[in-house]
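Heads up: the structure comes next, in structure tokens.
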Amino acid sequence: MSASEFGQASGLVGLSVAVENASFHVRRVLAEGGKAVVFLVHEEGGAGKRYAMKRVVVSGDQDRSVLEAANREVQVLRNFASADNIVNLRAAERKADRRRRLYFYFIVMAFCPKNVLDIMREAKARGARGIPRPVVLQIMRDTCRGVLQMHLADP
């Protein structure tokens with residue numbers, strides 16, 4: 001698949017995308033916003049392990065800082081690829097469509113089947129008025145541990 005075929009997010013569903021010499025089958029769109037789309041993918045040949053794959057589109061016409069921010073995101077994820085309480089990176093790659101001056105970042109990371117919004121919806125469906133205190137404390141603890149790891153890391 002050429003970089004020019006990565007333009008339409010919905011067009012990737014059902015296809016395979018190579019990222020860092022691994023192949024990922026795109027199952028469905030999980031979320032969209034701004035210049036990024038997150039997909040549920042399965043690694044081919046890897047016992048079908050599920051991952052989240054973020055595709056970010058950066059135009060060569062945008063301010064250089066946007067491209068630098070995308071590069072920095074990948075570098076930060078690489079630096080913490082095996083850290084606890086920080087989403088783990090599986091693979092990342094930038095593909096260029098030079099004709100249209102577009103850069104496509106494919107960032108494959110651990111898939112987390114539940115997020116805080118899901119937990120809130122489940123609590124509401126059970127008639128609860130909020131998330132149970134132990135769950136809130138666990139979310140806060142895990143978040144703080146992830147932030148601490150980043151602060152303690154060498155720059």
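The values are calculated or read from the model by the stated rules, or taken from the named source; none is laboratory data. Since we're looking at a predicted model, the values are computed, not measured. Cβ placement follows ideal geometry from the backbone for every residue including glycine, while neighbour counts extend to all protein chains displayed. Ligands, DNA and RNA are excluded from the accessible area calculation, which covers all protein heavy atoms including side chains. Shrake-Rupley method; radii C 1.70, N 1.55, O 1.52, S 1.80 Å.
For the chain, the residue among Leu12, Phe80, Gly45 whose Cα projects farthest onto the positive side of the dipole built from Cβ charges is Leu12.
Counting only DSSP H runs of at least 4 residues, each contributing -39500 (n - 2.57), and dividing by the residue count of the chain, the helix-based mean residue ellipticity at 222 nm comes to -10000 deg cm²/dmol. Taking all protein chains into account, the per residue accessible area for the chain stands at 64 Å² (1.4 Å probe). Each of the peptides 110-116, 123-129, 24-30 was scored by the mean count of other Cβ atoms within 10 Å over its residues; in descending order, highest first, they stand as 24-30, 110-116, 123-129. Expressed as a whole percent, the accessible surface of the chain that belongs to carbon and sulfur atoms is 51, based on a 1.4 Å probe. Among Phe104, His25, Met120, which residue has its Cα positioned farthest towards the positive end of the charge dipole of segment 1-144, with +1 placed on the Cβ of Lys and Arg, -1 on the Cβ of Asp and Glu, and the dipole taken about the Cα centre? So the residue furthest toward the plus end is Met120. Loop-resident GluC sites (Glu not before Pro) (DSSP state other than H, G, I, E or B) in segment 53-154 with no more than 10 further Cβ atoms inside 10 Å of their Cβ are absent.
Placing unit charges on the Cβ atoms only, positive for Lys and Arg and negative for Asp and Glu, gives segment 72-143 a dipole magnitude near 380 debye about its Cα centre. Its Cα centre serving as origin, segment 22-155 has a Cβ charge dipole (Lys and Arg +1, Asp and Glu -1) of approximately 400 debye. Size descriptors for the chain, from the alpha-carbon set: Rg then Dmax equal 17.5, 54 Å.
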